[in-house]
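Read through the structure below, which is laid out as structure tokens, and then see the notes.
FYI, it's all coordinate maths here, none of it is from the lab. From a predicted model like this one, the values you see are computed outputs, not experimental measurements. Cβ placement follows ideal geometry from the backbone for every residue including glycine, while neighbour counts extend to all protein chains displayed.
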Amino acid sequence: MSLAGYEFEVQRDDGLATEEMTLNMGPQHPSTHGVLRFVVKADGEIMRTALPDIGYLHRSIEKISEKVGYHGFMPYTDRVDYVSAMQCNQGWAMVCERAAGIEVPRRGEFCRIIACELGRIASHLLSVGTMVMDIGGMTPFTHAIREREKVNNLLEDLCGARLTFNYMRIGGVAWDLPPGYAEQVTAFLDRFEPFIAEYNDLISYNKIYVERLANVAAVSKEEAINYNLVGPNLRGCGFQYDVRRDEPYSIYPELDFDVPVGTGEVGTLGDCFDRYMVRIKELKESCKIVRQCLDMIPDGPVLARVAKKLKPPVGDAHVRVEASRGDMGWYVVSDGSEFPYRTKIRTGSFSAMSIVDKLSRGIMIADLIALIASLDVVAPEVDR
Amino acid sequence: MQSFIDGLIASGVFGGLPAEAVYPAMMFLFASLVVFGFVLPLVTITIWLERRVWSRIQSRVGPNRVGPQGVLQGLADGVKNILKEDVVPDAADRPLFVFAPYLLVWGFLATFVVIPFSSALVVADLNVGILYITAIVALSAVGVLMAGWASNNKWSLLGGIRSAAQVVSYEIPAGLALLPVVLLTGTLSTQGIIQAQGWAPWDWFLFHSPFTFIAAFAFYISALAETNRTPFDIPEAESELVAGFATEYSGFRFALFFLAEWGSLYVTGAIMAVLFLGGWQVPTGWTNNTVVLNIVQLAVFFLKAYFWVFLAMWIRATLPRIRVDQMMSLCWKYLVPLGFVNLVGTAVWMVIWPEGNPFVPYLMVIGTLALVVIFFRRVLYHLRRAKPELYFNPAI
């Protein structure tokens, strides 16, 4: 598709000819959350269109899987969405287990869910923090990052890494919880749950902040489904769909948690504020899930015995996990060898990019920043 | 100042030089003294203070390496900026691009001419002082627009246009908010306005009547907008326009923009102190030494001005940025009508109580004190509830 394909003519009553300004937002721009590029056609401050130009961070991750084998691909999955790598780990592990018919030990499942939900807290904290920073408030960002550091410390205790975890293995997880881990996590959660209220006091209901986000780039329920929005972006439109609840996997059916949806409390249903607020509410739900897992976790092994050279039978497998940015689809085709024949990853950020052009028409340049931030787009997840 | 030079001429220090040559030379000398001895250190200290205050609010530590507690950080940054390459883009309009930062710096330096730091320390007590400030501050808008246009960069252009629209709009509520004080004193001279007030809070124009109280905050908001401070920092909104009008600048020209920004922050505080907080007024009669009196006055003025500077830092750390259309509607729909209401209200007040209402200033001082106490109790409550992990050691 040609990026110059969109031409708009500005008609003026007095017959003067004007030109639209073409702005290149990105790939190096402070608020495109990575190397994203938007070709913006603007009439002064009002945007006519903003076309996303993706591919600056394409690293052929799917192709790499065909060369490194099932076990060897696990570290690469961290790089699919490096802001919440745990769920990507889990997606790959689950799709391989389904292809090869491996049963995961029960304690391993619990370890996975604890790690995933801590990762979700970290990811959502980054999202709500950068959202405020894009709107111009600097302090809430540092407060959110301060809490995220603690999650990172916990995850470091768990697997030795703070960003690219490589924690899970096909058939379970690499390491059991370290001694005293439950107490550490509980101590963190005890401190963190009041922090959510503190954060809301700090910024969420700030008048300027609400004015900036309310009624901006509202998405209707039908639009969201048509454009394949997933995760918090979809729930922000008031559509209650969560893979963890509606297509349950792992131990999620045994856990008790709510699926928060947008309520349109300050403006139109499905505006930027609703998407933001869903993430804030999900922080609480994740805390709830982690607490339940810590209570229910059984003893036993964490890793099933899996062949060093895993050769799933000929066929294919597909799983969906609820990653931080929504429904993440993992598809693998096996030809019976030790390398996958084909891997396909379907990510939430990628589909979210498709709606940017539609939503950006007629809003202001400052609103585009809010829109991108509220869709919580992460560049590596878009391009993979 | 003029009498000082006259005295020097009369005593024959300059030999037979004509007075027309001595005046500009002395003015130039004095201006450079003020700029290098006072304004530049002031700005670097303000920048350092802002960074420290800001980092405390954000539970960080902030610059604390260069010099004691990092006070010399501004000096280090300045040296770094001088050593950097001064890039002028090929496609830029070179003369305008090179000239723009100077215009901006002039705009704020020239305001120091009429700021009375104490009863004797004022460069020129112009009889149009306040009018002069409102006029000269608009120079910085020309500088910003020039920088935005000459950079030949679309982000810069947007920033420059935004800044022009913003400053031109907010000149009006700022001017309207000054008028109640001018009505009350009948003078535009900054010294005259201070002399019309007293040292005690109930003698300040801030608490003179409810209208002047509102006018003070209307002026402060407008001044924040004119100096591109958060929540009105939309001309350089870093998350939208990269760095706005300063995107293409580097080296010391870039530093000049920030010199002007933080310098005008102090100017804002100083004008607020002059107009509404009684300026350098201190209780009289306890000393006959003019030098001591002037130093105390300087300190009092400095503290009053810095209160507003600190408030601006606090606001910057707290609030997000508003949007362009919201900025415009705030100005034209709220601040301008409010300014007219204040003007008419002050006039009516003066007709009813020509000498000022005998009780209202005291009531307003008590009310403000009560508000401050309630505010700090609330802050304490929140601090206790949140169990914050802060450094309470100020020496970190």
Exercise. Say the dipole of the protein assembly as shown comes from +1 at the beta carbon of Lys and Arg and -1 at that of Asp and Glu; which of A:N226, B:M272, A:G172 then lies farthest toward its positive end?
Worked result: A:G172
Seminar exercise, completed: Simple SL model, points at 7 angstrom along Cα→Cβ for B:L75 and B:V379; separation in nm is 3.1 nm
Seminar exercise, completed: Surpassing 27 Å at the alpha-carbon level, of the pairs A:K150/A:K281; A:K221/A:K284; A:K284/A:K344; A:K41/B:K84; A:K221/B:K333, are A:K284/A:K344; A:K41/B:K84; A:K221/B:K333
For this session: Calculate the length of the line joining the C-alpha centroid of region B:310-343 to that of region A:267-333, in whole Å.
Result: 45 Å
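Please report, to one decimal in angstroms, the Kirkwood hydrodynamic radius of region A:40-97 built from all distinct Cα-Cα pairs.
Result for region A:40-97 stands at 13.8 Å.
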Problem set entry | Listed residue pairs exceeding 30 Å between alpha carbons, taken from B:K154/B:K304; A:K63/A:K308; B:K80/B:K304 | B:K154/B:K304; B:K80/B:K304
Exercise. Hey, what did chain A get for relative contact order, percent, Cα under 8 Å, at least 6 apart?
Worked result: 26 percent
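Counting each DSSP H run of 4 or more residues in chain A as -39500 (n - 2.57), what helix-only mean residue ellipticity at 222 nm follows after dividing by all residues, to the nearest 500 deg cm²/dmol?
-14000 deg cm²/dmol
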Exercise. How large is the charge dipole for the protein assembly as shown, taken about the Cα centre, if only the Cβ atoms of Lys, Arg (+1) and Asp, Glu (-1) carry charge, to the nearest 20 debye?
Worked result: 1560 debye
Exercise. A:I46 to B:A138: FRET efficiency via 1/(1 + (r/R0)^6), r the Cβ-Cβ distance, R0 30 Å, to the nearest 0.05?
Worked result: 0.65
For this session: Over all alpha-carbon pairs of region B:1-156, lay out the pair-distance distribution in 10 Å bins, whole %, shortest bin first.
Result: 9, 23, 29, 26, 10, 2, 0
Problem set entry | Amide N proximity, region B:352-368 versus B:F217 label position 7 Å along Cα-to-Cβ, cut-off under 18 Å | B:361-368
Exercise. Between region A:143-160 and region B:112-141, what is the C-alpha centre distance in whole Å?
Worked result: 53 Å
Seminar exercise, completed: The long-range amide H neighbours of A:C237, using H built 1.01 Å from N in the peptide plane and a cut-off of under 5 Å, are A:G262
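Just to verify a number: FRET efficiency for B:R60 and B:N288, C-beta to C-beta distance, R0 = 60 Å, to 0.05?
On the way: r = 48 Å, r/R0 = 0.81.
My answer for the efficiency is 0.80.
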Exercise. If you line up the Cα atoms of region B:154-229 on their principal axes, what length do they span on each, largest first, in Å?
Worked result: 51, 21, 18
Exercise. Within chain A, which complete DSSP H helices have Cα atoms spanning at least 27 Å along the helix axis and a mean Kyte-Doolittle hydropathy of -1.0 or higher?
Worked result: A:106-135, A:139-159, A:272-296
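Cβ under 11 Å from A:E45's Cβ, A:E45 left aside: what net charge do those residues give with Lys, Arg +1 and Asp, Glu -1?
On the way: positive: B:R162, B:R323; negative: A:D43, A:D367, B:E240, B:D325.
Summing Lys/Arg as +1 and Asp/Glu as -1 gives -2.
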Problem set entry | Backbone HN-Hα couplings from phi across region A:253-263 [Karplus 6.51/-1.76/1.60, Hz, Gly and Pro as x] | x, 7, 9, 10, 8, 9, 10, x, 10, x, 10
Seminar exercise, completed: Mean Cβ-within-10 Å packing, highest first, puts peptides A:135-145, B:350-360, A:203-213 in the order A:135-145, A:203-213, B:350-360
Problem set entry | Helix-only CD estimate at 222 nm, as mean residue ellipticity for chain B, using -39500 (n - 2.57) per DSSP H run (n ≥ 4) | -21500 deg cm²/dmol
Exercise. In a shell of Cβ-Cβ distance under 14 Å around A:P27, excluding A:P27 itself, what net charge do Lys and Arg (+1) and Asp and Glu (-1) give?
Worked result: -1
For this session: Would you kindly work out the equivalent ellipsoid of chain B from its C-alpha gyration tensor and give its semi-axes, the square roots of five times the eigenvalues, largest first in whole Å?
Result: 32, 30, 24
For this session: Just grab the label-to-label distance for A:S220 and A:L163, each label 7 Å out from Cα along the Cβ direction, in nm (one decimal).
Result: 4.2 nm
Exercise. Using a simple charge model, +1 on the beta-carbon of Lys and Arg, -1 on the beta-carbon of Asp and Glu, nothing else, what dipole does region A:61-383 show about its Cα centre, in debye to the nearest 20?
Worked result: 720 debye
For this session: In whole angstrom, note down how far apart the Cα centers of region B:238-294 and region B:43-86 are.
Result: 17 Å
For this session: Over chain B, calculate the relative contact order: mean separation of alpha carbon pairs under 8 Å at least 6 apart, over the residue count, as a percent.
Result: 21 percent
Exercise. What residues have an amide H closer than 5 Å to that of A:D53, excluding those fewer than 5 places away on the same chain, when H is modeled at 1.01 Å from N in the peptide plane?
Worked result: A:R37, A:F38, A:V39
Problem set entry | Debye equation applied to the C-alpha atoms of region B:327-367, log10 I(q)/I(0) at 0.32 Å⁻¹ | -0.95
Exercise. For a paramagnetic label modelled at 7 Å from the Cα of A:R361 toward its Cβ, which residues of region A:193-234 fall within the zone defined by backbone nitrogen distances under 20 Å?
Worked result: A:215-229
Problem set entry | Histogram of C-alpha separations across chain A, 10 Å bin width, % | 5, 23, 32, 24, 11, 4, 1, 0
Exercise. Which order results if B:F375, B:F232 are arranged by neighbouring Cβ count within 10 Å, fewest first?
Worked result: B:F375, B:F232
For this session: Give the span of the protein assembly as shown's Cα atoms along each principal axis, as three whole-Å numbers ordered largest to smallest.
Result: 107, 60, 51
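Summing Lys, Arg as +1 and Asp, Glu as -1, what charge do residues with Cβ under 13 Å from the Cβ of B:V137 carry, B:V137 excluded?
Cβ neighbours under 13 Å give a net charge of -3.
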Exercise. Gain in length, B:M328 to B:W353, computed as 0.36 nm per residue apart minus the alpha-carbon separation, to one decimal in nm?
Worked result: 5.4 nm
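Return the average number of partner chain Cβ atoms within 10 angstrom of each residue Cβ along peptide A:139-147. Mind showing how you got there, number by number?
Working: counts 10, 3, 1, 7, 5, 0, 3, 5, 0.
Mean shielding count: 4.
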